[in-house]
Amino acid sequence: MIRDGEILQQLLDTIARFVGERLVPAEAQVAEEDAIPEEIVAEMREMGLFGLTIPEEFGGLGLTMEEETLVAMELGRTSPAFRSLIGTNNGIGSAAIVFDGTDAQKNKYLPRYASGELIGSFCLTEPDVGSDAASVKTSARYDGDFYVLNGTKRFITNAPRAGTFTVMARTNPEIPGARGVSAFIVDADTPGISLGAKDRKMGQAGSYTCDVIFDNVRVPAENLIGGREGEGFITSMKVLDRGRLHISALSVGIAERLIDDALKFAVERRQFGKPIAEHQMVQAMLADCRAEAYAAKCMVLDAARRRDDGERVSTEASCCKLFATEMVGRVADRAVQIHGGSGYISEYAVERFYRDVRLFRLYEGTSEIQRMVIARNMVREIA
Ligand code: COS
């Protein structure tokens with residue numbers, strides 16, 4: 001749902017200008033130095049980009065899902081590291097509190113996420129717990145007015161910058177699956193928390209992940225999200241439904257950027273006496289990219305509108321995540337192919353994007369998990 005078309009368009013134009021004038025020119029530097037320049041981080045803060053989805057009453061812009069997907073598409077037109085920096089505050093790092101937090105938790109944390117003063121990070125994955133997310137092993141033992149957390153979380157996005165962690169931990173060892181898991185908001189400076197070395201990744205230089213280790217970390221009981229045990233897994237699934245739509249929109253934006261780059265290259269590069277854009281096999285690749293990106297865009301906008309209308313869109317979110325992230329993988333592959341040998345050289349952005357987009361088919365649920373969610377829901381519906 002778009003609340004005010006004119007205001008949204010102003011926001012989209014501002015972001016498009018910022019992406020084109022500030023972020024795209026900084027892409028190579030970010031890739032080279034594996035860091036986003038602090039002045040760009042400050043500009044992102046000033047623009048309110050950390051609080052896009054935080055409700056207005058807590059200082060954010062309170063974007064609806066449809067509005068958020070349109071913004072994510074704009075942000076997709078540059079290196080995903082920039083989006084990743086603001087991604088957790090607008091998504092998995094804050095959403096558990098937005099959806100299920102108590103008023104006190106919302107008042108304490110959301111304004112600081114919205115301003116970018118605090119970076120929120122989401123801790124679900126563990127060394128032995130990936131796709132089977134309900135098997136969380138990190139424990140949270142109740143002790144007086146505290147819970148004592150022990151365990152290790154893996155591949156945690158923005159952990160090196162985080163001021164808080166949303167942590168999924170098992171409060172009831174007697175319940176092995178989803179219902180034994182609770183969600184906590186944990187301040188990063190709580191004694192007993194340590195961070196592993198930054199992961200060295202295939203792509204997305206400038207965005208950081210690492211292990212987060214909890215060693216007898218005493219978390220006040222008031223930091224149990226929503227004040228209820230056993231709800232953490234369901235909270236995570238709700239967070240991921242939204243996150244999956246966001247990643248799908250981002251994939252559309254990146255596909256559009258890659259199509260632009262490939263098209264510009266194809267009209268300039270000449271072989272056999274004419275631009276390669278006039279060769280039918282190159283045209284076929286361009287056309288397939290355009291058709292698939294358009295299909296993904298339509299899907300994402302439809303699912304976002306349905307979610308704004310109050311529908312449960314778990315199936316649609318997984319359909320979008322599956323299709324859009326696989327789509328951008330194919331688009332990136334064709335963009336490299338259209339660039340020929342140049343596509344393998346890091347001077348051209350497609351080389352970097354080819355590696356960057358590989359992550360989208362893995363995190364916030366692999367393509368295999370999305371297929372599993374879709375098919376399970378189909379079987380459930382017919383039953
Ligand atoms: N919204 C709300 N509730 C949901 C839900 C959703 N999207 N999906 C599941 N639930 C609820 C179920 O209704 C069930 O609740 P009850 O206990 O009341 O019956 C509970 O959660 C358990 O669901 P389910 O039995 O389906 O859980 P499974 O262990 O079988 O696993 C999958 C579900 C595989 C879908 C889940 O583990 C998953 O998404 N895995 C991937 C994790 C992931 O994306 N990791 C990436 C890292 S996070 S960046």
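The values are calculated or read from the model by the stated rules, or taken from the named source; none is laboratory data. None of the values given here were measured: they were computed from a predicted structure. Cβ: placed from backbone, ideal geometry, glycine included. Neighbour counts: every protein chain shown. The accessibility values were calculated without ligands, DNA or RNA, using every heavy atom of the protein model including side chains. Shrake-Rupley method; radii C 1.70, N 1.55, O 1.52, S 1.80 Å.
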Problem - Among the residues listed as Leu61, Leu110, the single one being surrounded by 24 or more Cβ atoms within 10 Å (Cβ to Cβ), in contact (Cβ under 8 Å) with a residue 24 or more places away in the chain and of a type outside the set (Val, Ile, Thr) - result: Leu110
Problem - Phe99, sole failed condition from (1) within 16 Å of the ligand (Cβ to nearest atom); (2) closer than 19 Å to Leu245 by Cβ; (3) surrounded by 18 or more Cβ atoms within 10 Å (Cβ to Cβ) - result: (3)
Practice task
Look at Ile254 and say whether it is open to solvent by less than 40 Å² (accessible area, probe 1.4 Å), away from the ligand (no atom under 16 Å from the Cβ) and either of a type in the set (A, V, I, L, M, F, W, C) or farther than 30 Å from Leu322 by Cα (or both).
Solution key: yes
Exercise for the section: Identify the residue in the range 127-181 that is in a helix (DSSP H, G or I) and within 14 Å of the ligand (Cβ to nearest atom) and, among all such residues, is nearest to the chain's Cα centre (by Cα). Expected result: Ala159
Practice task
Considering (1) surrounded by fewer than 18 Cβ atoms within 10 Å (Cβ to Cβ); (2) within 13 Å of the ligand (Cβ to nearest atom); (3) under 23 Å from Leu75 (Cα atoms), say which one Glu316 fails and leave the rest.
Solution key: (1)
Handout entry: Boolean, Gln337 is polar (S, T, N, Q), within 16 Å of the ligand (Cβ to nearest atom) and assigned to a helix (DSSP H, G or I)
Key = no
Exercise for the section: Select from the range 356-383 the residues that are surrounded by fewer than 17 Cβ atoms within 10 Å (Cβ to Cβ) and either away from the ligand (no atom under 11 Å from the Cβ) or in a helix (DSSP H, G or I) (or both) and list them in ascending order. Expected result: Glu368, Arg371, Met372, Ala375, Arg376, Asn377, Met378, Val379, Arg380, Glu381, Ile382, Ala383
Exercise for the section: Answer with yes or no whether Gly226 is touching a Phe, Trp or Tyr at 6+ places or on another chain (Cβ under 9 Å), more than 19 Å from Thr125 (Cβ to Cβ) and not charged (D, E, K, R). Expected result: yes
Exercise for the section: Within the range 262-283, identify whether any single residue is within 16 Å of the ligand (Cβ to nearest atom), in contact (Cβ under 8 Å) with a residue 40 or more places away in the chain, not in a helix (DSSP H, G or I) and not assigned by TED's automatic domain parsing to the domain that holds Gly203, and answer yes or no. Expected result: no
Fill in the blank from the handout: Inside the range 203-244, the number of residues satisfying the requirement of being within 15 Å of the ligand (Cβ to nearest atom), open to solvent by 20 Å² or more (accessible area, probe 1.4 Å) and over 16 Å from Ala159 (Cα atoms) is 9
Completion exercise
Across (1) farther than 16 Å from Ser251 by Cβ; (2) touching a residue at least 12 places away in the same chain (Cβ under 8 Å); (3) part of a helix (DSSP H, G or I), Ser346 clears everything bar (3)
Problem - Pairs, first part of a helix (DSSP H, G or I) in the range 310-330, second within 9 Å of the ligand (Cβ to nearest atom) and open to solvent by less than 10 Å² (accessible area, probe 1.4 Å), C-beta under 8 Å, six or more apart - result: Ser318/Gln370; Cys319/Gln370; Lys321/Gln370; Leu322/Gln370
Handout entry: Residues satisfying the stated conditions in the range 63-87, i.e. among the charged types (D, E, K, R) and within 10 Å of the chain's Cα centre (by Cα)
Key = Arg83
Exercise for the section: Kindly indicate which of Ile92, Ile54 is within 25 Å of Ile2 (Cβ to Cβ), of a type in the set (Val, Ile, Thr) and either at pLDDT below 95 or open to solvent by 20 Å² or more (accessible area, probe 1.4 Å) (or both). Expected result: Ile92
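Okay, residues lined up against (1) more than 17 Å from Glu364 (Cα to Cα); (2) basic (Lys, Arg); (3) in contact with a Cys (Cβ under 7 Å, 6 or more places away or on another chain):
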| site | (1), (2), (3) |
| --- | --- |
| Leu63 | yes, no, no |
| Arg77 | yes, yes, no |
| Gly87 | no, no, no |
| Lys106 | yes, yes, no |
| Ala114 | yes, no, no |
Exercise for the section: Assess whether Arg141 counts as being surrounded by fewer than 16 Cβ atoms within 10 Å (Cβ to Cβ) and not hydroxyl-bearing (Ser, Thr, Tyr). Expected result: yes
